[in-house]
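Heads up: the structure comes next, in structure tokens.
The values are calculated or read from the model by the stated rules, or taken from the named source; none is laboratory data. Just so you know, these numbers come straight off a predicted model, no measurement behind them. Using ideal geometry, Cβ is built from the backbone for each residue, glycine included, and neighbour counts are taken over all protein chains shown.
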Amino acid sequence: MPNPKALRAAIAQHAPKLLVDFDRRWRRDITDAYALARNPQLEARVHGLEDQAAEEPDFARAKVMIEEAGQLRREAAKAEPGQ
């Protein structure tokens, strides 16, 4: 699996128009992962909801779980370190 630096270099070489999107998404995803990692209980809750949603046969219930996980992710990203 390529590391992010190698992946970015490959995008720059073969599809430079995609670099802005790659950078934006990379920052968002890393920020999200860091925010969750600061709170292991919250991280477990979010991943649990996502796992349950993946197994849920009822679309409406799965959607509610994914929306809750998304809301928890957004709240975690807003929190200052130590909160």
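On inspection, residue 57 passes the criterion of being over 18 Å from the mean Cα position of the chain (by Cα), modelled with pLDDT of 90 or more and part of a loop (DSSP other than H, G, I, E, B). Of the residues examined, residue 54 is not one that is within 13 Å of residue 76 (Cβ to Cβ) and either in contact with a helix residue (DSSP H, G or I) (Cβ under 9 Å, 6 or more places away or on another chain) or surrounded by 12 or more Cβ atoms within 10 Å (Cβ to Cβ) (or both). Restricting 7, 19 to those that are at pLDDT 90 or above, part of a helix (DSSP H, G or I) and more than 12 Å from the chain's Cα centre (by Cα) reduces the list to 19.
Criterion first (surrounded by 10 or more Cβ atoms within 10 Å (Cβ to Cβ), in a helix (DSSP H, G or I) and touching a residue at least 40 places away in the same chain (Cβ under 8 Å)) does residue 77 satisfy it?
yes
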